[in-house]
Structure formats: structure tokens, C-alpha cells
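Here's the structure, in C-alpha cells; my notes come after.
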Amino acid sequence: MSLRLASLICKTIMEDTFKDRGARKRLIEELKTKGIVDERVLSAMLKIPRHYFIQPEFRTHAYQDKAFKIDAGQTISQPYTVAYQTQLLQIEKGDKVLEVGTGSAYQSIILLELGVELYTIERQSALFNKAHARIAKFGYKATCILGDGSKGYESAAPYDKIIVTAGAPVLPEALIKQLKIGGILIIPIGDNQTQKMHSIVKTSATTFEEITLENFRFVPLIGEQAW
Ligand code: SAM
């Protein structure tokens, strides 16, 4: 690709047009009809241009409620999934949050927009490098880690909230350990086809309460305490 073409594509992606904002508004209305009620989550998703995180060929589809391929054979989650997981986290300003599976960093930016202190971990270096730059471009600070998030990130534990954005075969023990008492962990658990969303609240150093929710389909969580 020539330098001129590359810079033209980049400029087109980084524009947030009237049409984009309109499409984003319609997406937010769609999310409401699907049961997303947290106004703060909806406002953050209305503000952040999802097309910045999407490959140029999917640019015109960015505001469809669909997942799309990103680098390294991974996906940017469907907007409904991002809204659903974020709503379940019950974010409070200043929460220390661990995100496992940075991917495109779209979910990361939504969390940062809600005022969290973010630690985000990704195992694919191509995605890690891009995410790091994207977060800075939006003017946010987060700790981006390249590694296996199935083991959590001990150095900054304990966390108020943990979100896992890849499908786990079982609940990774390290994540429960690294959660504060009273903290919330949102994780999809299942086989490599379908996972059920789990919302877990740590009730003491050794106990937790778990609610099993809707079915989703995520890329696999790959690592020591995963696939
Ligand atoms: N939230 C992301 C977004 O908005 O783009 C979507 C993430 S994608 C569905 C799941 C990500 O989890 C992939 O980027 C994948 O490489 C990453 N992943 C899988 N196993 C992981 C692990 N053990 N540690 C860290 N990241 C992992």
C-alpha cells in the first residue's frame, strides 16, 4: 500500500461524521430495546466512536450490533456484549479494574470513560501494541500488560472489578483470589462454541456467590488457567 493511500484510509477512519454520530445514536436505541438500562454505559458508548477501533473494510458497518475481526484472528466484541458486561460490573468512579483481553481496546476506553483505574492485559503482541497507542490517543492513562491474563495481574491486586472478554473453560482461581471482598468478576464460561456469562461477587476471602446469565460466543481465553 502506498503511503498516500495509507494516510487517506487513516484520515477517513479518524473522522467522526454526522452520519457516524447518527448511526451511533441508533445503535444506542437498539441497545436499550435489548435491555441495557445503565445511562452511564449508554452515554459512554454514544460518545466513543467505535469505527476508530475497526478495520477499514468494516468501517461502514461499525454501528451494527455485530462483532468484527481485528488483528491476530481476534474480534472486537459486539456492542451489546460490551454494554452487557460493563453494566454488570456496576462501575463506580475510581474503581480499580482488571480487564483480561484488551483486544481492540474499545471496551478499555468505555471503562476509562466511566472513570476507572484500568489494568488491561492482552496475550497478542500486535493487539497490545495498538491498544497501548489507542488509549494514549484518546488521552487516557491505563496500565497495559502483555501476558497471560488467566493468571490475573498479581502486582496490582486486589481489584474492585474484573472483566474477562474471552471465553473460559472454567473459573480461573487466580482471578477470584485477586478480587477484593465485595468485588465483582464478570466472565463468560463454557465450551469453545457457547459460554454463559457469570457474575460473581466475592463474599469473603474463601467464598463467592455466582449468578449464571445469558449465552454468548467469545474467542477462547488461552493460557495457564484457561484453554
Ligand atoms: N474487549 C475487546 C474489545 O473490545 O475489542 C474484545 C476482546 S476479544 C473478544 C478477546 C481478547 O482476549 C483477544 O484479543 C485475545 O487475544 C485475548 N485473550 C485470550 N486469552 C487471553 C489471555 N489468557 N490473556 C490475555 N488476553 C487473552
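Quick notes
- Pairs where the first residue, in the range 212-227, is closer than 7 Å to Met197 by Cα and the second is outside any loop (DSSP other than H, G, I, E, B) and of a type in the set (Gly, Ala, Ser), C-beta under 7 Å, 6+ apart: Leu213/Ser199
- Members of the range 129-170 that are in contact with a strand residue (DSSP E or B) (Cβ under 9 Å, 6 or more places away or on another chain), of a type in the set (A, V, I, L, M, F, W, C) and within 14 Å of the ligand (Cβ to nearest atom): Ala131, Ile135, Ala142, Cys144, Ile145, Leu146, Ile162, Ile163, Val164, Ala166, Ala168, Val170
- Listed by first and then second residue, the pairs linking a residue in the range 146-159 that is over 17 Å from Leu171 (Cβ atoms) and in a helix (DSSP H, G or I) to a residue that is open to solvent by 20 Å² or more (accessible area, probe 1.4 Å) and within 14 Å of the ligand (Cβ to nearest atom), with Cβ atoms under 6 Å apart and 6 or more places separating them unless they lie on different chains, are Ala156/Tyr119.
- Taken over the range 52-102, the criterion of being open to solvent by 10 Å² or more (accessible area, probe 1.4 Å), small (Gly, Ala, Ser) and within 12 Å of the ligand (Cβ to nearest atom) is satisfied by Ala67, Ala72, Gly73, Ser77, Gly101.
- Selection of the range 172-194 for residues being within 16 Å of the ligand (Cβ to nearest atom), under 23 Å from Tyr119 (Cβ atoms) and in a strand (DSSP E or B) yields Leu185, Ile186, Ile187, Pro188, Ile189.
- Which listed residue is closer than 24 Å to Gly223 by Cβ and out of contact with any Asp or Glu (no Cβ under 9 Å at 6 or more places or on another chain), from Ile54, Ile121, Ile28, Ile76: Ile76
The values are calculated or read from the model by the stated rules, or taken from the named source; none is laboratory data. Here the structure is a predicted model, which is why all the values come from computation and not from measurement. Reconstructed Cβ throughout: ideal geometry from the backbone, glycine too, with neighbour counts over all protein chains shown. The area values use the complete protein model at the heavy-atom level, side chains included, leaving out ligands, DNA and RNA. Shrake-Rupley method; radii C 1.70, N 1.55, O 1.52, S 1.80 Å.
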